[in-house]
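Derivation of every value follows stated rules applied to the coordinates shown; laboratory data play no part. A quick note: this is a predicted structure, and the numbers were derived from the prediction, not measured. Because the Cβ atoms are built from the backbone with ideal geometry, glycine has one as well, and the counts that use them run over all protein chains shown.
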Amino acid sequence: MTDDRHIPAPATVPTPLDELERRRADALAMGGPERIARHEATGRLTARDRIDLLIDPGSWREIGLHALPEIRRDAPSPGDAIVTGLARVGGRMVGVVAIDATVLAGTTAPVNMRKQNRIAEWAGRKGIPLIFLSDNDGGRLPDLLGWRFSGVPFDFTTFLQSPPGSPSIPRITAVLGPSYGDAALHAAIADLVVMKRDSAIALSGPPVILGAIGEDVSADELGGPGVAHETSGSAHVVVDEEQEAIASIKKFLGYMPDAADLPAPIAPPVEPARDPSELVDLVPSAPRRGYDMRRVLQAIVDGDSLFEWGERFGRSLICALARIEGHPVGVIASQPMQRAGVLDVPALTKELRFAELCDTFNIPLVFLQDVPGLMIGTDAERGGILGCYERLAAALARAQVPKIAVVVRKAYGGGHIAMGGRPVKPDLLVAWPSAELGFMAPDTGVRTVHRRKLDKLAEEEGVEARDALAAQLEAEWAAESQPWEAAANIILDDVIHPADTRRVIAEGIEFAWGTRPRVTSKGV
């Protein structure tokens with residue numbers, strides 16, 4: 001007999017299922033413990049932690065888990081530095097693209113691009129929102145050098161827009177670290193860009209800029225919040241923590257339909273944070289006294305529903321998503337606390353972008369006017385204010401969603417038109433009794449029209465006589481600016497009590513939609 005105890009056991013042969021589990025484990029490990037630790041030491045979450053924070057538990061369906069770069073390196077490179085898939089957020093289907101900065105610094109290369117395109121096209125064709133979690137150092141060299149760059153697999157018929165024949169979808173980008181190259185493109189076309197305060201958005205990063213043009217600039221100077229949120233307007237919300245960024249994404253998504261061929265979602269109505277009866281006292285009667293329009297909005301929109309979009313860009317204008325009686329609205333409101341509410345190039349630019357967002361996704365526009373006019377002068381002209389104003393007025397006139405405008409205090413010149421005045425065809429245009437309307441303010445108008453007459457009177461009879469006549473002329477001009485003649489001639493549809501503003505807006509939107517489906521053809 002042979003002694004089996006001395007025969008070595010046969011080597012274990014991995015089965016295909018064993019290989020699957022090994023490869024899955026490698027992919028889920030991302031860049032490995034050391035790189036994850038270095039990444040987290042900077043205060044950033046990993047791509048997979050971000051996804052877990054965003055989506056409903058148990059809803060993740062990953063696409064491209066086993067992807068690897070075309071050019072393989074010794075360092076771990078699972079997923080080619082990007083995690084992509086489908087999930088649910090608040091029960092709604094979404095597409096998710098999350099850059100994995102623990103792998104090759106999150107840089108972009110061909111396989112990475114194919115994964116992005118796959119989810120972007122899926123979201124566009126199937127009509128679901130696309131969410132991009134950005135933390136990217138730009139393009140990966142040498143993967144994109146020479147002929148390789150010419151062949152990058154971006155499909156610009158689906159990457160930056162819905163495929164032909166498919167309705168537009170909401171696109172949301174959270175900038176949670178450096179965001180250069182293709183990550184900046186995602187931000188450039190997003191309907192919401194929420195930015196962590198220590199992040200940056202730019203076409204190219206500081207090292208590329210230094211090497212190409214010799215400019216030594218920090219990431220913050222190049223594309224930090226001071227640039228992206230306050231100067232260029234490319235970021236709409238700035239937060240301190242990633243958890244706040246994810247919360248902003250979820251709140252914004254709550255106002256959006258899944259696609260432009262669907263109505264915006266309605267929520268249960270909530271009483272406003274302020275009693276509407278307070279509106280009588282919230283707005284000063286003196287036309288040049290400043291006040292915060294946000295306090296007025298608190299007495300009109302549903303409590304805790306105001307979501308500001310681009311707060312620190314074009315600050316003389318408030319653009320915000322909100323709800324009135326549970327129905328989503330896009331609020332465009334003068335902000336007299338900033339430059340008296342005058343509309344300059346940044347304000348007009350912001351309004352145009354926001355109005356087009358609302359018109360695309362079936363969200364009615366509500367205008368609250370307290371505007372002295374458009375910015376004038378050489379700086380405004382050199383900044384292109386005429387073109388900005390023309391594009392905005394044309395877009396508002398074309399907008400198919402309900403448009404309700406309320407003149408709260410003053411509405412002069414092109415500012416009145418840019419804020420939903422009669423020439424852009426609002427469905428309902430009303431005013432408070434304190435409203436003033438006209439080409440320009442009475443004091444400015446008198447100085448412009450009667451300048452020679454007043455100067456001559458000062459020379460002949462003295463300054464007191466001139467000032468007395470100017471006061472008389474201003475009073476006459478002011479009387480013409482009151483809302484009564486505008487209402488008598490059906491320029492205004494009504495003059496309303498301030499306390500009725502919320503009710504009038506809600507009724508106006510309801511009747512403006514009528515019996516037709518609450519969708520437009522703007523984004524289809």
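So what's the gap between the Cα centers of segment 361-388 and segment 483-524, to the nearest angstrom?
21
What 222 nm value per residue comes from the helices of the chain, counting each DSSP H run with n ≥ 4 as -39,500 (n - 2.57) and dividing by all residues, nearest 500 deg cm²/dmol? Can you show the working numbers first?
Details: 21 runs with 197 residues, N = 524.
When only DSSP H runs of four or more count, the value is -11000 deg cm²/dmol.
Give me the net charge for the shell around Gly85: Cβ to Cβ below 9 angstrom, other residues only, Lys and Arg +1, Asp and Glu -1.
0
Return the Cα extents of segment 134-217 along principal axes one, two and three, sorted largest first, each rounded to a whole Å.
So the three principal-axis extents are 44, 37, 17 Å.
Determine the sum of side-chain charges near Ala259: Lys and Arg each +1, Asp and Glu each -1, restricted to other residues whose C-beta is under 13 angstrom from that of Ala259.
Numbers: positive: Arg92, Arg125, Lys126, Arg171, Lys522; negative: Asp191, Asp258, Asp261.
Neighbour charge sum, excluding Ala259 itself: +2.
Determine the alpha carbon to alpha carbon distance for each of Lys115/Lys196; Lys115/Lys250; Lys403/Lys425 and list only those over 18 Å.
Cα-Cα > 18 Å for Lys115/Lys196; Lys115/Lys250; rest within.
Please work out the C-alpha center-to-center distance from segment 180-225 to segment 389-430 and express it in whole Å.
That distance is 35 Å.
Please work out the Cα convex hull volume for segment 439-481 and give it in Å³ per residue.
50
What translational diffusion coefficient, to the nearest whole µm²/s, does segment 24-255 have by Stokes-Einstein, given a Kirkwood radius computed over alpha-carbon pairs, a temperature of 4 °C and 1.567 mPa s viscosity?
74
Show me the GluC sites (Glu not before Pro) within segment 36-80 that DSSP assigns to loop and that have at most 13 other Cβ atoms within 10 Å of their Cβ.
Values: sites: Glu40, Glu62, Glu70; in loops: Glu70.
Taking segment 36-80 and a limit of 13 other Cβ atoms within 10 Å, the loop GluC sites (Glu not before Pro) found are Glu70.
In terms of modelled amide H atoms, which long-range or inter-chain residues lie less than 5 Å from the amide H of Ala101?
Answer set, sorted by chain and number: Ala47.
Summing +1 for each Lys or Arg and -1 for each Asp or Glu, what net charge is found among the other residues whose Cβ lies under 12 Å from the Cβ of Arg73?
Once all neighbours under 12 Å are counted, the net charge is -2.
Quick one: which residues, 5+ away or cross-chain, put their amide H under 5 Å from the amide H of Tyr291? H built at 1.01 Å from N.
Met337
Considering only DSSP beta bridges where both residues belong to the chain, give the percentage that are antiparallel (nearest 5).
35
How much of the calculated P(r) for segment 155-195 lies past 13 Å, in percent of all Cα pairs? Show your work: numbers first, answer last.
On the way: 436 of 820 pairs.
So the pairs more than 13 Å apart make up 53 percent of the total in segment 155-195.
Please give the FRET efficiency for Ala37 paired with Phe149, using the beta carbon to beta carbon distance and R0 = 35 Å, rounded to the nearest 0.05.
E between Ala37 and Phe149, to the nearest 0.05, is 0.60.
So if I average 1/r over every pair of distinct C-alpha atoms in the chain and take the inverse, what Kirkwood radius in Å does that give?
25.7
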